[in-house]
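One structure is given below, encoded as structure tokens.
The values are calculated or read from the model by the stated rules, or taken from the named source; none is laboratory data. The model shown is predicted, which means the values in this text are computed figures rather than measured ones. Heads up, the Cβs are rebuilt from the backbone with ideal geometry, glycines too, and the neighbour counts pull from every protein chain shown. The protein model used for the area step is the full one, side chains on, heavy atoms only, and it has no ligands, DNA or RNA in it. Shrake-Rupley method; radii C 1.70, N 1.55, O 1.52, S 1.80 Å.
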Amino acid sequence: MRSMLCPQQISNFNTVPTATGISMNDASQATDTAAPTGWRHYFNRQMAICVMLGFTSGLPLFILYNLLSAWLKSEQVDLKAIGLFALVGFPYTWKFVWSPLMDRFHFPLFGRRRGWMFVTQLALLAAIGSMGFYSPKTDLNMIIVLAAAVAFLSASQDIVIDAYRREILSDQQQGSGTALFVNAYKLSTLVPGSLSLILSDFLSWQMVFAVTALFMLPGVVTTLLINEPKIYGQPPKNLREAVVLPFQEFIHRSGWSYALMVLAFIFLYKLGDSMATALATPFYIDLGFSRTQIGLVAKNAGLWASLAGGILGAVWLEKTGVNRGLWIFGVLQAIAILGFAVLAKFGVSTAAVNGNTLMLGLVIGLEAFAVGLGTAAFTAYIATTTDPRYTATQFALFTSLAAVPRTFFNAATGFIVENTGWFAFFLICFALALPGMMLLPKIAPWNEKKQGE
């Protein structure tokens with residue numbers, strides 16, 4: 001990955017004392033020397049934590065974008081209204097606003113990171129479980145309120161989990177650790193996107209949401225068992241350090257022009273595939289598949305592909321580096337969008353009649369594999385672009401920008417489909433995947449590696 005500082009700037013920058021009194025250079029050396037090697041690089045406590053927190057981080061989001069949309073569709077809510085529900089993801093785009101507070105303050109006993117994790121996870125369990133007590137036909141406003149609450153709590157949980165992951169992994173572990181985290185994140189869709197859909201054919205929606213909410217418990221247990229990060233564990237001394245310095249540092253690294261280019265890349269890289277999957281479940285239902293078929297075939301087809309992507313992604317990023325991962329995985333995730341276009345072109349009228357679940361499984365498998373890899377490289381890029389002194393705030397800024405397409409552009413997907421049809425919609429999504437790739441020569445040159453890779 002291209003360094004954002006010249007060699008002399010890097011030397012000067014790395015000797016700046018941190019809040020703990022340890023220089024960034026000393027801290028980096030400490031974590032790098034402690035990093036496990038060989039098979040222990042992939043099978044150790046840090047990687048296990050990444051898997052558990054990845055699942056816990058992804059579950060609320062997929063409840064909002066998979067289970068919620070299927071629930072509303074089954075209750076005959078208008079497709080345009082379902083698309084507008086993407087706006088409940090607004091907190092994901094603004095989480096950098098309150099992230100400094102999560103850097104500055106903490107709860108007693110648990111510590112700065114674990115305390116916020118524990119509180120947000122318990123609140124998410126309660127909010128998700130409450131959804132099933134209401135009906136989309138009579139209580140749509142209350143469902144919107146609960147969905148917004150889940151989005152806010154989920155975004156807050158992501159702030160602290162992202163910071164925690166950045167702080168427990170050495171620079172050498174960022175690629176493989178992030179790959180495992182992202183694929184566990186993706187795998188969490190199997191609960192709201194598979195198990196919950198199957199249960200909805202046999203149980204009331206109230207029971208479905210209650211069961212789904214209980215899958216937050218593994219994250220709660222993980223939070224109780226893990227330790228606080230040691231190197232960058234001290235909070236900022238005041239709100240100025242928490243709010244101003246993280247943004248100031250990012251802008252001053254290489255100037256405004258390069259900073260804006262980085263932000264543009266973060267905004268564009270996942271735009272196409274984010275829009276393509278925004279209405280995935282309603283798309284499968286329009287093809288004629290039942291919710292049980294979607295749960296058993298579509299979602300489980302992604303299970304094995306995601307597992308393969310997780311293993312390959314961890315090893316591949318370790319061997320090639322984050323830069324080349326962004327190139328290779330970016331091409332694959334763009335191709336995966338075309339798979340949806342093929343399915344829309346040839347599967348709309350015949351899928352349900354002929355039981356053509358094989359094509360659906362192949363398309364979903366490719367999407368789960370390719371997009372999971374692309375997200376792993378993308379998140380690793382964000383992690384290594386973050387200054388460890390301001391982990392929560394800068395990570396929240398970058399991931400907030402990455403969430404803008406998912407929130408605002410995805411809100412328009414229902415209107416686009418209504419006017420263009422599914423086939424043209426997926427071609428548009430493919431075209432939108434290209435601008436981010438065009439920035440890679442500047443952002444992540446193929447033959448250049450991040451310091452420490």
Scan the stretch 396-449 for residues that are open to solvent by 40 Å² or more (accessible area, probe 1.4 Å) and either within 19 Å of I285 (Cβ to Cβ) or polar (S, T, N, Q) (or both) and jot them down.
-> F415, I416, E418, N419, T420, F423, N447
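If a residue has to be assigned to a helix (DSSP H, G or I) and surrounded by fewer than 23 Cβ atoms within 10 Å (Cβ to Cβ) to count, how many in the stretch 70-84 make the cut?
Applying the first criterion (assigned to a helix (DSSP H, G or I)) to the stretch 70-84 yields 70-74, 79-84.
Subsequent filtering for residues that are surrounded by fewer than 23 Cβ atoms within 10 Å (Cβ to Cβ) retains 72-74, 79-84.
Here the count works out to 9.
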List every residue pair whose Cβ atoms lie under 6 Å apart, where the two residues are 6 or more positions apart in sequence or sit on different chains, the first residue falls within the stretch 105-123 and is modelled with pLDDT of 85 or more, and the second residue, located anywhere, is of a type in the set (S, T, N, Q) and part of a helix (DSSP H, G or I).
-> R114/T223; M117/T223; F118/T223; T120/S156; T120/Q157
Being open to solvent by 20 Å² or more (accessible area, probe 1.4 Å) and either modelled with pLDDT under 80 or assigned to a helix (DSSP H, G or I) (or both) narrows I198, I294 down to just I198
Is it the case that T393 is surrounded by 24 or more Cβ atoms within 10 Å (Cβ to Cβ), of a type in the set (V, I, T) and in a helix (DSSP H, G or I)?
-> yes
Taking first residues from the stretch 37-66 that are within 30 Å of V145 (Cβ to Cβ) and at pLDDT below 85 and second residues anywhere that are open to solvent by less than 10 Å² (accessible area, probe 1.4 Å) and part of a helix (DSSP H, G or I), the pairs with Cβ under 7 Å that are 6 or more apart or on different chains are N66/P192; N66/G193; N66/T281
Picked from the stretch 385-433 (must be more than 18 Å from the chain's Cα centre (by Cα) and among the β-branched types (V, I, T)), the residue nearest to G339 (Cα to Cα) is I428
Apart from one, (1) surrounded by fewer than 21 Cβ atoms within 10 Å (Cβ to Cβ); (2) of a type outside the set (V, I, T); (3) farther than 17 Å from I63 by Cα all hold for Q206; the odd one out is (3)
Over the stretch 159-178, the set of residues closer than 27 Å to V88 by Cα and open to solvent by less than 10 Å² (accessible area, probe 1.4 Å) is I159, V160, I161, A163, Y164, R165, T178
When residues of the stretch 248-291 are limited to those that are open to solvent by 50 Å² or more (accessible area, probe 1.4 Å) and without any contact (Cβ under 8 Å) to a residue 60 or more places away in the chain, the one nearest to F425 (Cα to Cα) | L260
Assess whether E228 counts as being touching a strand residue (DSSP E or B) at 6+ places or on another chain (Cβ under 6 Å) and open to solvent by less than 70 Å² (accessible area, probe 1.4 Å).
-> yes
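Please find, among G365, G374, G361, G436, the residue that is modelled with pLDDT of 85 or more, within 23 Å of the chain's Cα centre (by Cα) and within 23 Å of A184 (Cβ to Cβ).
Values: G374 fails: modelled with pLDDT of 85 or more; G361 fails: modelled with pLDDT of 85 or more; G436 fails: within 23 Å of A184 (Cβ to Cβ).
Matching residue, one of G365, G374, G361, G436: G365.
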Qualifying residues in the stretch 201-224 (those that are in a helix (DSSP H, G or I) and of a type in the set (G, A, S)) - the one nearest to T120 (Cα to Cα) | G219
Could you tell me whether the stretch 99-117 includes any residue that is crowded, with 22+ Cβ neighbours inside 10 Å and under 15 Å from the mean Cα position of the chain (by Cα)?
-> no
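Could you tell me which of the residues A126, A147 is open to solvent by less than 10 Å² (accessible area, probe 1.4 Å), modelled with pLDDT of 90 or more, part of a helix (DSSP H, G or I) and on the phi < 0 side of the Ramachandran plot?
Values: A126 fails: open to solvent by less than 10 Å² (accessible area, probe 1.4 Å).
Being open to solvent by less than 10 Å² (accessible area, probe 1.4 Å), modelled with pLDDT of 90 or more, part of a helix (DSSP H, G or I) and on the phi < 0 side of the Ramachandran plot holds for just one of A126, A147, which is A147.
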Here are some conditions: (1) closer than 18 Å to L53 by Cβ; (2) touching a residue at least 60 places away in the same chain (Cβ under 8 Å). L225 meets all but one. Which one does it not meet?
-> (2)
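Can you pull out the residues in the stretch 150-179 that are part of a helix (DSSP H, G or I) and either touching a strand residue (DSSP E or B) at 6+ places or on another chain (Cβ under 9 Å) or hydroxyl-bearing (S, T, Y) (or both)? Full working, then the answer.
Filtering the stretch 150-179 down to residues part of a helix (DSSP H, G or I) leaves 150-168, 171-179.
Listed by number, the residues that qualify are S154, S156, Y164, S176, T178.
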